[in-house]
Amino acid sequence: MDLAFIIIAVLTLASAVAAMSLRNLVHCALCMVMTFAGIALTFLQLNAEFVGLAQLLVYVGAVAILIVFAILLTRSEDAKKEVRFVSSSTVVGFGVVALVAVSLLAAIQHTQILPPQSVVAPHVSVKRIGEQLMTNYVLPLEVIGLLLTAAMIGAVVIAMREPDPADSVDVQQRNGSPLKLDPDSKKTAVVANE
Amino acid sequence: MTPLHQYLIFSTLLFSIGLAGALLRRNAILVLVGIELMLNAANINFIAFWRYSPNPEPNAGVMFVIFSIAIAAAEAAVGLALIISIYRHYRTTNVKRIDGLKG
């Protein structure tokens, strides 16, 4: 067994546990970055250089920043005092997690794995990946492009601030005030409401 | 070289930690982080099996993980936009307190 693998695995798992169990959300985000970096190191160790660097760019770069911004934007008082008590749902959750982990580990332990047939590391150059993306995998590439565009537009539309209903024209019409485009119309509507 | 077993055990433990976070944490952002951890554990499995198998098509595993990372990024963007939208409505990200169907 490789010493480098043990170090990377222990660091990654420890930071994953910390990311899922710490109280402070910013600490959680920092531990999450460390977990993603450890996973990128695992990819590099498995001779998948391109995937490892893509993991660094996408997760340590983009997703981490996105999550930190979400934490800052949704900062509220009750996030700090997240009550911790042993409820029935906690017990059931831990039970489900233990069941999944034990069954997967048992399945792995009982599987007879053939010795690796290609001990020589497969060399995948970036040039080859680019060629394949433009030939064999051109349809998935187009679909991914469409999906990313749709996700981007969807994220902007969902997160866009909804117009304040008090300012909209509909409310004024419903209140019976005449619809005018001059700045006084809002004032009339307020007076009519009162 | 590290045997394949150990990579599989490593990714199983990572998946379980992510699942525990997604099921047990009350904060919606941490639920999303747990889901991301589970996706990453699956990616580790893809790369490990690609590395340890005879490769009829040398790039297939790498390609699969590249597309998987792209989809995970799209999911994170939309998920966080949803969380911000919900926060604006309920003033909380606690999933226990987001329990109304009607706005």
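The values are calculated or read from the model by the stated rules, or taken from the named source; none is laboratory data. Fair warning: this is a prediction, and the values are worked out from it, not measured in the lab. For neighbour counting, all protein chains shown are included, and Cβ atoms are generated from backbone atoms with ideal geometry for every residue, glycine included. For accessibility, only protein heavy atoms count, side chains too; no ligands or nucleic acids. Shrake-Rupley method; radii C 1.70, N 1.55, O 1.52, S 1.80 Å.
Assorted remarks:
- B:THR2 long-range amide H proximity, modeled H, under 5 Å: A:ASP2
- 3J(HN,Hα) couplings calculated from phi for the stretch A:130-142 with the Karplus curve 6.51 cos²θ - 1.76 cosθ + 1.60 (θ = phi - 60°) are, in sequence order, x, 4, 5, 4, 8, 10, 6, 10, 6, 5, x, 4, 4 Hz; Gly and Pro show x.
- Rg followed by Dmax, in Å, when the stretch B:4-90 is reduced to its Cα trace: 15.6, 53
- Within the accessible area of the stretch B:4-90 (1.4 Å probe), percent carbon and sulfur: 77 percent
- In nm, spacing of pseudo-spin labels at A:VAL96 and A:SER125 (7 Å Cα→C-beta vector): 4.8 nm
- Summed over both chains, the accessible area lost when B and A associate is about 6900 Å², using a 1.4 Å probe.
- Alpha-carbon Rg/Rh ratio, for the stretch A:1-75, with Rh computed the Kirkwood way: 1.03
- Averaged per residue, the stretch A:1-75 has 46 square angstrom of accessible surface, using a 1.4 angstrom probe with ligands and nucleic acids left out.
- Residue-averaged 222 nm ellipticity for chain B, from DSSP H runs of 4+ at -39500 (n - 2.57), nearest 500: -26500 deg cm²/dmol
- Length gained on full extension, A:SER87 to A:ALA14: 23.7 nm, using 0.36 nm per residue less the C-alpha separation.
- Counting only protein heavy atoms and a 1.4 Å probe, the stretch B:4-90 has 31 square angstrom of accessible area per residue.
- Virtual paramagnetic centre 7 Å along Cα→Cβ of A:ALA106, amide N under 18 Å, in the stretch B:1-35: B:9, B:12-13, B:16
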